[in-house]
Every structure is written in C-alpha cells, then in structure tokens.
Amino acid sequence: MSTKSRECDFRDILKHLSHSRDIRRVFDAFVRLSACALAAQTREPEYLEEAGRWERAELELFGNALGALIAEMEQHPFEDLIGGFYMECAISSKGQKWNGEFHTPKPVCDLMAQITVGNLDSVKSDSPINVCEPACGAGAMILSFAEACPPEVRRRLRFTAIDINRTACDMAFINTTLWGIPTRVIHGNSLSPECWAAWSNIHWIMPWLSLLPMHPIAAMCPLEPRKDIGQGEPPKVEEMEQIRTALHKQELQFG
C-alpha cells in the first residue's frame, strides 16, 4: 500500500494502523479522538486520556484520517461514511462479535426521512422541532432527516440521539457535528432507565452557528471552552423523563 493511497482514504489510513493493532481498537480510538477534536474544547479530558494510549506518529495518522474523512464527506453530503466502514471492516473482520448491529443503508434512511418530514407541515414555523432517535447508530437516519428538510426547517431541528454502543455515540457525534445538526448524544439503553453519559455537539450548545455565512464544516472554528455543559456526565432524571415522553409520542404518531 502506497503512502499516497493512505493519505487519500481514511479507511486505508486506519487499516495501515491496524497492522500492529486490532482494527476494532483502532477504529474506536479514531472516532473517540475525532469526536473530541470536533467538540470545540469541551471534551479535552477524554481526548487526552485516549491520546495517551498512542504514539505521536499514530496520532498524526489519526489526524490525517480525520482530514481525509472530511474531504470525502464534502463529496457525499449527508451520507454516513464511517458507519459503512464500521459495518464493513471493524465489526466483520477477524470474527469480531457484532451483537446484531445493523446500520441502515442510505436509500432506506432517505425513504423513511421523506415520509417523516411530510408530517412536519403542522409544526409552527417559529418553534424548534425536537426529534428522538432511540437507536441512532452512527446517525444515518438523522443525516437523511436533515437532508430532507429545507434549510429554514433544518435550522430548527433538535435531535436527541441514543445508543447502547459507545462507539456508535462517537460516530453520531462526528456526523451530526460536521453537518451542522444540533444533537445531544446519549450513551444509554432506550429500553431501560440506564444511561451512562451524554454529550452535546457545538450546534446544540450554540444553535445560532447555522446562521453564520459559512459551510457547516467550516463552522468548527476555535471557540472558548465552556465549563457548564457537563460533557460526558449522565443525563439528569428530568431529561430522561422528557425523552421517554417524546419517544412515546413518536411511537403513537408513527407506530
């Protein structure tokens, strides 16, 4: 494998790193480091903890992989590239146990999003649109939903994304952050009261970012770190009650 090819594709870079490490371990570290790097300095302790497990040269390759991922995402708007690679390689290779996970293909996500967006006509034009995704995976459904919305509607979206897989939470954080979708990601079990951690992306914290005259990826400018948003802490009981109520309403409406 040439150096040039590794520089052009995030998958090749990660596979190169897996020559001496397990590919699943490499992938988990990549999405953890990337999610923290895109969190506008609000997830520094997590970043430093994970970075401490890798050599400097390996960290540089992780940075190259993130750059390659962003470049490819710009060519494939609102497509879940990292979830596809997770299914293709990180789960299936070397006989890894995959726990029945399945990441929905984009055409299916697009169809479901178009059907759902059709039900937004009755929502007031000046109010936020709160949507719960109880098994978000890498966030493919969220991306398709956002893509199906007109820009003026997309700015009003507020997603709560839940998944039992911590790696999936990091993937969803990356995808929603890079495409400018306000999202609160919760590591928890939607079928039980168990929740272990939660993170809000910068668009959730500062929803006015979408109004700036720049590409959503370019919105990742340096910002002052905030100390009051509780990144990585379990969600409060009140928040979980609101989520359960929202999920129940969605079940009645679409179920």
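Figures for the structure shown
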read-out	value
Förster-model FRET efficiency, 35 Å R0, R21 and S125, C-beta, rounded to 0.05	0.10
Where D126, D22 fall by accessible area, highest first, once all protein chains stay in place (1.4 Å)	D126, D22
Extension reserve of the I115-F102 stretch, reckoned as 0.36 nm per residue once the Cα distance is removed	2.6 nm
Summed side-chain charge close to A146 - residues other than A146 whose Cβ falls under 14 Å, Lys, Arg +1, Asp, Glu -1	-1
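The values are calculated or read from the model by the stated rules, or taken from the named source; none is laboratory data. Here the structure is a predicted model, which means the values were calculated and not measured. Neighbour counts are summed over all protein chains in view; Cβ atoms, including those assigned to glycine, are modelled from backbone coordinates with ideal geometry. Please note that ligands, DNA and RNA were not included when accessible areas were found on the heavy atoms of the full protein model with its side chains. Shrake-Rupley method; radii C 1.70, N 1.55, O 1.52, S 1.80 Å.
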